[in-house]
Structure formats: C-alpha cells, structure tokens
Amino acid sequence: MTVPQASPTTDLLMVGPLLPELTAELESRYRVHRWWQSPDQAALLREQGPAIRGIATSGRFGATRELIEALPALEGVFSFGVGYDSIDLAAAQARQVLVTNTPGVLDACVADTALALMLAASRRIAEADRFVRAGRWPQEGFGLGTRMSGKRCGIVGLGNIGLQIARRAEAFDMPILYTNRKPRPDAPAHYRYCPSVTALAAECDFLVLAVPGGGATRHLVDAEVLKALGPQGWLINIARGTVVDEAALVEALQAGRIAGAGLDVFEHEPATPAALNAMDNVVMLPHIASGTHETRRAMADLMLANLDGWFRNGVAVTRVI
Ligand code: 8YV
C-alpha cells in the first residue's frame, strides 16, 4: 500500500508496544508519545495531553475510560486487532470519539488456528512432540489419540471467523452445528442452529468459541456447559479468555468431565493456571491466532489506513463506532 508521507504534526498516544515496523511507520507519520515507556505518565498527560488527537492501541492494551477522558483533543481510538472488549466504548461514545479495529483481514489465520488446536488436542500432537524430544520413543509406545474427522463441530458465534472455522471443519467431514444470538440467515442450510450454548455443547464433540469478549459473553462457558459437553468433548477457545469460567474449566478437566482443551486465550493472560500447565490433554498457545507475518502486516495496513484516512480525509475505513 503506498501512502504519501504526512509531516508528523499530529500527536498520537501509543498505549503499548506494537509490531516494530508498524511503530516505525507510525513514527514517520505522526508525533508518537510512548505511554508504556513514559517514566512520568502524569507529566506526559499534563504536557502533551492537550495536543493528543489519537490513541494507537491493540486488543491487548485497549483504552480505559480514564485515558479517554484525560485527553481533551482526542478524536479517535485506533486499534490493532478485531476485538475491542478492552476499549471503553461507552466512554468513547460519550466523548464522541471514534473507535476503529481491524476486522476481516485476520479471519483466515484465526480459523486456521482453531483447526490446529482441534487437531493438536485430539490427536495429542504437542504431547507427542514432547515425547519424541524427550527421547522416549525407542523405549516406549505412544498411546492413541481421538479421531477428529467426521466428529460434530459446534461453533459458538457464527460471525466471519466462525464461518471460516465451519468451512474448514467441513473439509474434515464434520457436521456443523452453531449457536448465535439468532440463526444466521445466510448460513448454509445444512448448518444446524442450537438455541443455547448448553444445548450445542450437549450435541457436539468439539465446542469452538468464536464470540466477541466483553460483559455480554463473560463466563458463557461455565460448569453446566462443560458438563453438557461431556467426557468425549473438547473445548477450543480462540475468542477471549473471559468467555470461559477458567476455574470451572480446571475443575472439569481434573474430574475428567471433558476430554481436553485447546486454548489460545486465557482469563488472566499472560498468566495461565498452574493446573492447566500440567495437563497433557490441554494444548495452550500464547494468544497467537492472528500471529502470522501476512496477517499482522494486513492488520497494520488497515490500522494505518484508519489513522491516515481519518487525519487526512476525515474518513476512517473500519469503524466500530
Ligand atoms: C491480536 C486479537 O493478537 O484481533 C484480536 O482481537 O485478539 C489478536 O488478533 C490482538 O489484538 C493484539 O493485541
């Protein structure tokens, strides 16, 4: 994407570290203030705050009400990532501050990761890798895994990412079931709608979470849902850690109430429960579902297009509000 270089006269507050090349691009086009590295944040707000017109952030760092309210000239919060549960939308709305995210460009990679977790957990891929590296193969046999092909895939949240997961799961001959706030009218007719997460969990083998985070989905997967998923069922989470009651998940795994889990996100990430760390039937990733060179570049381009679009032409490309 070729974008003419702007003179760096617009002030941006960068909340936390972003891709190094994105940071360099931001710094060539804007006057960037690095919030997380500031030794005196109060002084930064006092001295630079009145000039700051944009917050550059990510799903990880978000933007709090305090920060949004502390910047009188703020026009927009520009986020790297599709999820915006860490951004205080009500505070932004009240200030008439726009919020942008990076939808669409990461759907394929996030869906790829969901399938990778489904296979890794059920076929014991990570555990088998550890077995070989530990030099155990010559002495011992490695036990059997669970077949994934043909099993029922239950998707919680049939948005764009959910649809991409469904398409991939169909290539593994998996019947698709889903739940959503309401049935998706453009979903293929053979995808079966279930009215609740518990009903879906009871009818599928892989329960795959693809809903947005935030208050509305907090602990959507609780002890009751896990019980319904049952001892042959696998929980896969590429959404947000907050969607799962993690204490209930640990308990269900310890009691053998579900077969295992594949998790890219955690309730208190980057911290993960010690109990999960010790379980071979749980595959854990450090929130990397969108983490490929190609997708992160596309996310960076979209974030830059939002910033440049707004500050040059008053039009952001992908607005949340
Ligand atoms: C990013 C994500 O890793 O897009 C999202 O919502 O969770 C991920 O793609 C994250 O936004 C970066 O912090």
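Read the figures in this text as sums done on the coordinates, not as results from a lab. This one's a predicted model, so the numbers in the text were calculated from it and none came from an experiment. Cβ placement follows ideal geometry from the backbone for every residue including glycine, while neighbour counts extend to all protein chains displayed.
Farthest toward the positive end of the dipole of the chain, out of 256, 149, 121, is the Cα of 149, where the dipole comes from beta carbon charges about the Cα centre.
Working note: Karplus 6.51/-1.76/1.60 with θ = phi - 60° gives segment 87-94 the couplings 9, 6, 5, 5, 5, 5, 4, 4 Hz, where Gly and Pro are set to x. Label separation (residue 292 vs residue 223): 4.1 nm, computed from points 7 Å beyond Cα along the C-beta direction.
Order the peptides 98-107, 155-164 from the highest to the lowest mean number of other Cβ atoms within 10 Å of their residues. If you can, show how the numbers build up before the last one.
On the way: 98-107: 21.5, 155-164: 23.4.
So the peptides 98-107, 155-164, ranked by packing, come out 155-164, 98-107.
Under 5 Å from the amide H of residue 260 lie the amide H atoms of 235, each residue being 5 or more positions distant or on a separate chain, with H modelled from the backbone and absent for Pro and chain starts.
Cut-off is 10 Å between beta-carbons; in what order do 234, 35 appear when sorted fewest neighbours first? Write out the running numbers ahead of the final one.
Working: 234 24, 35 19.
Ranked by crowding around the Cβ, least crowded first: 35, 234.
Taking 0.36 nm per residue of separation and subtracting the Cα-Cα distance, full extension of the segment from residue 277 to residue 23 would add 88.1 nm.
Subtract the Cα-Cα distance of residue 317 and residue 144 from 0.36 nm times their separation in residues, and report this length gain in nm to one decimal. List each step's numbers first, then the result.
Details: separation 173, 0.36 × 173 = 62.28 nm, distance 4.90 nm.
Net length gain for the segment: 57.4 nm.
For residue 31, the residues whose amide H sits under 5 Å from its own are 9, 10, 11, 12, ignoring neighbours fewer than 5 places away on the same chain, with H placed 1.01 Å from N.
Comparing mean-square fluctuations of 200, 44, 89 from a GNM of the chain with C-alpha springs under 10 Å, the top value falls on 44.
Between the amide H of residue 52 and those of 73, distances stay under 5 Å, these residues lying 5 or more places away or on another chain, with hydrogens modeled in the peptide plane.
Averaged over residues, the count of other Cβ atoms within 10 Å places the peptides 13-19, 75-81, 37-43 in the sequence 75-81, 13-19, 37-43, highest first. For the peptides 62-69, 203-210, 111-118, the ranking by packing is 203-210, 111-118, 62-69, with the highest mean count of neighbouring Cβ atoms within 10 Å listed first.
The residue among 111, 90, 12 whose Cα reaches farthest toward the positive pole of the charge dipole of the chain, with charges on the beta-carbon of Lys, Arg, Asp and Glu, is 111.
In which sequence would 29, 152 go, from the one with the fewest C-beta neighbours within 10 Å to the one with the most? Intermediate values should be presented prior to the final figure.
Values: 29 22, 152 17.
In increasing order of surrounding Cβ atoms, one gets 152, 29.
Using the beta-carbon distance between residue 301 and residue 255 and R0 = 45 Å, what value does 1/(1 + (r/R0)^6) give for FRET efficiency, to the nearest 0.05? Working from the Cβ atoms, E equals 0.45.
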